[in-house]
């Protein structure tokens, strides 16, 4: 007897992907078309902070990122070796620490061919003012607010490893 879960086959290289439905499908398509496919050239490094990584992991799987040429997800908060021939797509929550860290990447030298900046939410007016003071300004190919910083309002979520907590799901919130 077959289970109710249906697993889709991975697509072959060069074959068009089947359109996906639902919120996750819309987020996935947006990330592919507006972010990953928009970065021209070999883009095998993708920089995202913890908040952006959680937004990616809710709608994408690692093999889907690899199909789009991403072989390495890096945290902008950790030191790393620059790749001067590669573009640098940054995807991060617009917080002072993340914006400062992206700016620090470009203060001393030009570490990447160009920069593509994708904010997880809406960028406040003070954050982009930090970036022109460093060398990222002439190399910035795009700066875009992705508006993917949203969360489901439900506090209690059902999952299969719950034990004796089902009545709590049915009770009104405190």
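Here, each number is a calculation from the coordinates, and none is a lab measurement. Everything quoted here is computed from the prediction, not taken from an experiment. Neighbour counts are summed over all protein chains in view; Cβ atoms, including those assigned to glycine, are modelled from backbone coordinates with ideal geometry.
For the pair segment 22-41 and segment 51-108, the centres of their Cα atoms are 15 angstrom apart.
Length gained on full extension, residue 61 to residue 85, computed as 0.36 nm times the residue gap minus the Cα-Cα distance: 6.0 nm. Put simply, when 139-148, 75-84, 96-105, 44-53 are sorted by average Cβ atoms within 10 angstrom per residue, most first, you get 44-53, 96-105, 139-148, 75-84. Were the residues from residue 145 through residue 71 laid out at 0.36 nm apart, the gain over their Cα-Cα distance would be 24.3 nm.
Between residue 50 and residue 164, the modelled label-to-label distance comes to 3.1 nm, taking each label 7 Å out from Cα in the direction of the beta carbon.
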